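Presented below is the structure to which this report refers.
The values are calculated or read from the model by the stated rules, or taken from the named source; none is laboratory data. Worth saying up front: this structure is predicted, and the values here are computed from it rather than measured. Please note: Cβ atoms are built from the backbone with ideal geometry, for glycine as well, and neighbour counts cover all protein chains shown. Each accessible area value is taken on the protein alone, full model and side chains, heavy atoms only, with ligands, DNA and RNA left out. Shrake-Rupley method; radii C 1.70, N 1.55, O 1.52, S 1.80 Å.
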Amino acid sequence: MDSIFIEGLRVEARVGVYERERVAPQTLMIDLQLGLDSEAGRSDELATTIDYARVIDRVKAEVEGQYFRLLERLGEHLVEMLFAEFEPAWVRMKIAKVGVRAEVKNVGILLERQRENGKGKAQESAIGKLE
Ligand SMILES: Nc1nc2c(c(=O)[nH]1)N=C([C@H](O)[C@@H](O)CO)CN2
């Protein structure tokens, strides 16, 4: 199956369990992959695939102006939006907080969801350090 990907999307988000994280935005790095059966390789028409520019705009819009305690909740929210608006076959998303701990480069979550009757199917891993 084909996919589109977005790597290193930098967004400013209010996310975290601590008061300072609720008040002030912090930088997140998002890697995103959407699976699809696309006609675009034959049609050469943007309308026959998922427009990654639109995905970037929608992810940024969903993150900004909202508050989430956990990255898991933010990730789930974004995955639900992506299935509803772009209808991919599957979604793989990594969300990293940059520089929150001195001894690690990044911390974050990795979500993988299969489309199932219009909804994502739970299959999740939380990881402490991302490559
Ligand atoms: N699995 C998670 N663990 C932690 C999260 C999270 O969102 N998911 N968040 C925090 C704090 O907000 C932390 O990032 C502050 O530095 C701790 N653990």
Q.
Step by step: first the residues of region 34-63, then only those that are in contact with a strand residue (DSSP E or B) (Cβ under 8 Å, 6 or more places away or on another chain) and among the charged types (D, E, K, R), then the one that is farthest from the ligand (Cβ to nearest atom). Which residue is that?
A. Asp37
(Q) Condition first: away from the ligand (no atom under 15 Å from the Cβ) and open to solvent by 40 Å² or more (accessible area, probe 1.4 Å). Now tell me which residues in region 64-112 satisfy that. (A) Glu64, Gly65, Glu80, Ala84, Glu85, Glu87, Trp90, Arg92, Glu112
